[in-house]
Every structure is written in C-alpha cells, then in structure tokens.
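Engineer: One structure, as structure tokens, below. Some questions next.
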Amino acid sequence: MTTLTLMTIQDASQRTRLSEPTLRYYEEVGLIGPIARDERSGHRRYRDEDIDTLQALACLRAMGVGIEDMRTYQANRIIGRSTAAAQRDLLTKHALRIEREIATLHVHLNYLEAKAGLWDARDRDDAQAEAAASERVHTMLGELEAVLS
C-alpha cells in the first residue's frame with residue numbers, strides 16, 4: 001500500500017540522518033528509487049516506503065557495509081523470502097567482521113590501559129607497580145602484534 005505522505009529531500013535527510021548528497025547518490029547508483037518528483041519544481045518527493053528503505057540502508061552504512069553489499073541486500077529484499085539464506089549469509093559476514101573489529105579494539109583498549117598504568121606507577125614512584133605494569137605492557141605488545149598482522 002502506497003502512502004500519500006511526501007517529504008522533501010531535506011525532510012528525508014533529517015529523518016534518515018543521511019546527507020542530501022548521499023540520498024542523491026543512493027538514487028543515482030540504484031540503491032533506492034527512482035524517487036518521485038514534484039511535477040512543477042522537479043524536486044524529489046520521498047514516500048514513507050522510501051524512508052523505510054533509506055533507514056535500512058543508513059543502518060547498514062553505519063555498520064560499515066559497502067555499496068555492493070547494500071545493493072545485494074536491496075535486491076534480495078525486493079525478491080523476498082527465497083533469498084533468506086543469502087541475506088543471512090551477507091549479514092553474518094558483516095557480523096563476523098564487526099566481532100573481529102571489537103576484539104581488536106579490546107586489545108587496543110587494554111594496551112592503552114596498561115601504558116597508562118605504567119605511567120601512573122612512574123608518577124607515584126612505585127617501582128613494584130611499575131615492574132608489574134611494564135610486564136603487562138610487554139604482554140600487550142604481543143597481543144597488539146597479533147591483531148595488527
């Protein structure tokens with residue numbers, strides 16, 4: 001069912017948190033649209049259905065999904081249930097990528113905390129705490145090397 005609510009590109013941008021150039025680009029590369037136009041002005045007019053699609057794309061973009069995978073996602077979404085396995089696999093691939101990124105960020109966080117602990121021990125002139133912190137930093141360097149390779 002098509003709704004009669006029509007929004008300007010500014011309204012669509014505000015609702016989806018996607019910039020106006022991004023909205024135009026998504027239409028240009030076929031991720032959405034074609035978008036209806038005002039007969040008099042030629043300006044884009046977004047329907048609620050367009051906004052729903054753009055919000056899904058905005059979520060994918062926020063998660064680091066690239067244009068080609070967005071295009072695949074959109075094509076599968078239009079086809080429907082018969083592409084459920086492909087949709088699952090596409091989203092799982094990105095979930096695994098994010099898990100790896102989170103693990104890497106945890107190592108980075110632990111390294112920064114270890115270095116801060118080392119400098120804190122030095123600031124307090126605590127040789128025992130400095131030795132322990134130095135060992136922790138040394139351990140973290142190995143973990144950093146592992147995630148960076």
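Engineer: Looking only at segment 37-51, count every residue that is free of Cβ contacts under 8 Å to residues at least 24 places away in the same chain and either out of contact with any strand residue (DSSP E or B) (no Cβ under 9 Å at 6 or more places or on another chain) or loosely packed, with under 11 Cβ neighbours inside 10 Å (or both) and tell me the total.
Structural biologist: Looking only at that region, the number is 4.
Engineer: Scan segment 11-54 residue by residue and report those that are under 26 Å from GLY66 (Cα atoms), polar (S, T, N, Q) and out of contact with any helix residue (DSSP H, G or I) (no Cβ under 7 Å at 6 or more places or on another chain).
Structural biologist: Those that are under 26 Å from GLY66 (Cα atoms), polar (S, T, N, Q) and out of contact with any helix residue (DSSP H, G or I) (no Cβ under 7 Å at 6 or more places or on another chain): GLN14, THR22, THR53.
Engineer: Moving to a separate point now. Condition test on ASP89, is it charged (D, E, K, R), closer than 30 Å to VAL147 by Cβ and surrounded by fewer than 14 Cβ atoms within 10 Å (Cβ to Cβ)?
Structural biologist: Yes: the conditions hold for ASP89.
Condition check ((1) in contact with a strand residue (DSSP E or B) (Cβ under 8 Å, 6 or more places away or on another chain); (2) within 26 Å of CYS59 (Cα to Cα); (3) among the acidic types (Asp, Glu)) across all residues:
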| position | (1), (2), (3) |
| --- | --- |
| LEU96 | no, yes, no |
| GLU113 | no, no, yes |
| LEU118 | no, no, no |
| GLN128 | no, no, no |
| GLY142 | no, no, no |
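Engineer: Quick check, is ALA75 surrounded by 12 or more Cβ atoms within 10 Å (Cβ to Cβ), touching a Gly at 6+ places or on another chain (Cβ under 9 Å), without any contact (Cβ under 8 Å) to a residue 24 or more places away in the chain and not basic (Lys, Arg)?
Structural biologist: no
Engineer: Being of a type in the set (Asp, Glu) and loosely packed, with under 12 Cβ neighbours inside 10 Å narrows it down to one of ASP120, ASP125, so name that one.
Structural biologist: ASP125
Quick note: the coordinates plus some simple rules give every number you see, no bench work behind them. Keep in mind it's a predicted model, so treat the numbers as computed, not measured. Ideal geometry is used to build each Cβ from the backbone, glycine not excepted, and the neighbour counts take in all protein chains shown.
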